[in-house]
Number of protein chains: 2
Amino acid sequence: MIVGGGFGGLEAAKRLASAPVQVTLIDRRNHHLFQPLLYQVATAGLNPADIAYPIRAILRSQRNVEVLLGEVVDVDVSTGEVLLSDGARVGFDHLVLAAGARHAYFGNDDWEQHAPGLKTVEDALEIRRRVLSAFEVAERSHDPDERRAALTFVVVGGGPTGVELAGAIAEIATHTLARDFRRIDPTTAEVVLVEGVDRVLQAFHPELSERAQQQLADLGVEVRTDTTVIGVDAAGVDLDAGTRIEARTVLWAAGVAASPLARSISDDLDDAGRVPVDASLAALGHDNVFVIGDMAAATSNGDDVPGVAPAAVQGGRHVAEAIRADLDGRPRPTFRYRDKGSLATIGRAAAVAQFGRLRFAGFLAWVLWWAIHIALLIGFRSRAMVLFGWGWSWLTFKRGARLITSRWSPETG
Amino acid sequence: MIVGGGFGGLEAAKRLASAPVQVTLIDRRNHHLFQPLLYQVATAGLNPADIAYPIRAILRSQRNVEVLLGEVVDVDVSTGEVLLSDGARVGFDHLVLAAGARHAYFGNDDWEQHAPGLKTVEDALEIRRRVLSAFEVAERSHDPDERRAALTFVVVGGGPTGVELAGAIAEIATHTLARDFRRIDPTTAEVVLVEGVDRVLQAFHPELSERAQQQLADLGVEVRTDTTVIGVDAAGVDLDAGTRIEARTVLWAAGVAASPLARSISDDLDDAGRVPVDASLAALGHDNVFVIGDMAAATSNGDDVPGVAPAAVQGGRHVAEAIRADLDGRPRPTFRYRDKGSLATIGRAAAVAQFGRLRFAGFLAWVLWWAIHIALLIGFRSRAMVLFGWGWSWLTFKRGARLITSRWSPETG
């Protein structure tokens, strides 16, 4: 049984294709989401269906997999069952927990209503609605202060998502909407990126952080490093320096916490709510429960494994091998994370790339970023619509937009 | 002032481009919707952004037009003002009412929750959610009756929308989803089309109605003519013959009523809530208020003008001419509706077409249907995304998905 149809869960299911096992994959959504491009949906560059694909369709031809739409609310390790939100229980021999993470507000959950984060299609559509609506509010407003607040956008968190969101909003204002309004000039919009430490893109080399900050500045984004947000309300944010930014739109990209399902497996979670795992990615104390991706506090060669998509994919591949080893009576292999390099995009023709000691920024990094992401998307079969247009869709009977985007439960249908 | 950015309102705004007037176009949505293809969104064939485009962007280069996002709740003809939902008042010299129609339930408004209609992007997404979820419910169900009800789809109303929806759902079941499930066979789904009179597509020649019914039958749709729905609840529909169909999914395509704004202009509305207008399309008794499209009870050469998109476009063109005539001190021209022919599609390679005495059905009609609709869409500049892929979108800075799909108000932002 696999819980979660993200990068890790899907990879585990695929890698078990030829194994003599029955796989049940449970997800509360009907679609796999290509999260690295989610910020494009949030900023109106892509449709949800461009980056999401029905899990059922991805695993259609793999006969030993059954896909269930349902929300797992608890795991009973003693009986080997998961409990669904509708009360159903489903038993398992091996369990792979790959339910990912949600954004976290460091104990200030009331900030969420004012500063949505970006993890799901609904999140992305909500952010898109807020960003586009802000310009409409500014156009209709007669009060200069209200207008200024409507045209101010604060992004909290300078990781890849925060940098991408800030860059994309600046582009919307300066290019996409530039000539669409009569009373306001969208190019006067202010985009502020707030980061708690001394540089953005901390996971990258300091040299690249500097390049990224320069590229953001070129796009018109004001970057405030060494700045912590101490309050968020409907009208703006309070910063630790005692300053306040009046802003109608505040977006949250400052932290994530593992799925609360982690608690049903371990009492000893780390700060990000992740489950400690052994060298084979099994939860400590539960040999038949593997935890991968953003839910796992894993190490590889003594280093922490980062919460990125490639680590989830590698984790999925590894647990499939570990399960095969169990079936064959062989010892489980040890998980080794291979860092294949990192990329982050900032805007048009602006990105940074780091592959071991090789580091570069600018147009080349940006082209590489797109090439890799389009190639990966094609791997998930969802890119055909965008690349070849709907003719292809008709010829093959595929439908690109098969998403159920409202929260789904068997009761509400 | 123009209220409504549909086919009629948009055409009126465009035709006033070179006139010495200031045009304000108010719509409660930020996008124009190409309604003839909305059933494709409801049946997961297209993304919302494929058939919707920001009104602001369409009218970007027309300097005498201002676009306002707002909901008009009342018209005060005596003072020449419209009242918005946020309490604002906006004055006008000439008013063009083009706010369209919603689906109507003949006094049974409680049916709406069980049988959604199809007029907006939200409607389409709700129908898509219900149709796709029904198959998921069937897959999870262990009760044969519940499973059968989940796989039964009832479409009420045999006009073009009803025929299109029924045909598309049948195709989803028999082709798109055919191999995606493990416990159910989607091809066993039943699609029932219920029509009150003796044939579907009443606006067409009886010969074409017969062809359409044959094409529907070929797709596996059961057509029940001369059948009236007397009750709709969460579990199915009751028919006048005393029979009942247990169906989890019921869709409504059986009737429309004009926007309630009609009431603020006239006390003498027709059965469909439409405003009686004179030969120049001015509301009776209000020379400076024009009513066009689905809101108007208009006649041309003694015949009723049908509630179709071409009639709305022609109405928009006409009122622009009438306003120019007023400005020049000339008498207003008389509105003449020109029927350019009718097309309805049923499914893959299945459609009917009628141009005067020329009537045909099948593949040729279907090709023509698509060619015309794609050509019209390109006219509204929204098809580029689908036709040329996102490369185009990047090169031109256009963003295909600029929609605010939740109900918008200045308060909620």
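The table that follows gives values for the structure above.
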| read-out | value |
| --- | --- |
| Those residues of region A:110-147 for which accessible area with every protein chain present is at least 50 Å² below the isolated value (1.4 Å probe) | A:Arg128, A:Arg129, A:Leu132, A:Glu136, A:Arg140 |
| Three-way shape call for the protein assembly as shown based on the alpha-carbon gyration tensor, with the a/c threshold at 1.5 | oblate |
| Prolate/oblate/rounded label for region B:37-128 (Cα gyration tensor, a/c 1.5) | oblate |
| Closest approach to the axis - chain B beta-carbon, rotation onto A, Å | B:Asn47, 2 |
| Fully extended contour minus Cα-Cα distance, from B:Ala235 to B:Glu207, at 0.36 nm per residue | 6.5 nm |
| C-alpha center-to-center spacing [region A:270-304, region B:214-256] in angstrom | 53 Å |
| Reference-scaled alpha-carbon Rg (2.2 N^0.38 Å with N residues) for region B:110-189 | 1.11 |
| Cα-based shape type of chain A, given that a ≥ b ≥ c are square roots of the gyration tensor eigenvalues and the cut on a/c is 1.5 | prolate |
| For B:Thr249, distant residues with modelled amide H under 5 Å away | B:Thr152, B:Val154 |
| Gained length - B:Arg63 relative to B:Phe360, 0.36 nm times residue gap less alpha-carbon distance | 102.5 nm |
| Whole-number accessible area per residue in Å² for chain B, which is evaluated in the context of all protein chains at 1.4 Å | 40 Å² |
| Area hidden from solvent between A and B (accessible, protein heavy atoms only, 1.4 Å, total, Å²) | 6500 Å² |
| Chain A: DSSP helices with Cα axial extent of at least 15 Å and average Kyte-Doolittle hydropathy no lower than 0.5 | A:160-171, A:363-379 |
| Sequence ranges B:172-181, A:235-244, ranked by mean other-Cβ count within 10 angstrom, highest first | B:172-181, A:235-244 |
| Largest-first ordering by accessible area, 1.4 Å probe, given options A:Trp370, A:Trp111 | A:Trp370, A:Trp111 |
| Nearest-first distances (nm) between copies at B:Pro331, label 7 Å from Cα via Cβ | 10.3 |
| Total lysine pairs under 25 Å (Cα atoms) in the protein assembly as shown, excluding pairs fewer than 8 apart on one chain | 10 |
| Accessible-area composition of region A:205-287, carbon plus sulfur, in percent [1.4 Å probe] | 47 percent |
| Heavy-atom accessible area, 1.4 Å probe, ligands and nucleic acids excluded: residues of region A:1-49 down by at least 50 Å² from chain alone | A:Ala44, A:Asn47 |
| Where labels lie 7 Å past Cα in the beta-carbon direction, separation of B:Arg338 and B:Asp143 in nm | 5.9 nm |
| Pairwise label distance in nanometres, B:Thr187 with A:Arg89, each label 7 Å out on the Cα-Cβ vector | 3.9 nm |
| Per-copy distances of the B:Trp370 label point, shortest first, in nm (7 angstrom along Cα→Cβ) | 2.8 |
| Residue of B:Ala52, B:Ala217, B:Ala351 that the Gaussian network model of chain B assigns the largest fluctuation, springs spanning Cα pairs under 10 Å | B:Ala217 |
| Cα centroid of region B:165-204 to Cα centroid of region B:19-89, whole Å | 33 Å |
| Antiparallel content of DSSP bridges confined to chain B, in %, to 5 | 55 percent |
| Surface accessible to a 1.4 Å probe, A:Ile55 within the full protein complex, Å² | 0 Å² |
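The values are calculated or read from the model by the stated rules, or taken from the named source; none is laboratory data. The structure presented is a predicted model; accordingly, all values stated were derived computationally and were not measured. Every residue, glycine as well, gets a Cβ built from its backbone with ideal geometry; the counts of neighbours run over all protein chains shown. Surface accessibility is based on the protein's heavy atoms, side chains included, excluding ligands, DNA and RNA. Shrake-Rupley method; radii C 1.70, N 1.55, O 1.52, S 1.80 Å.
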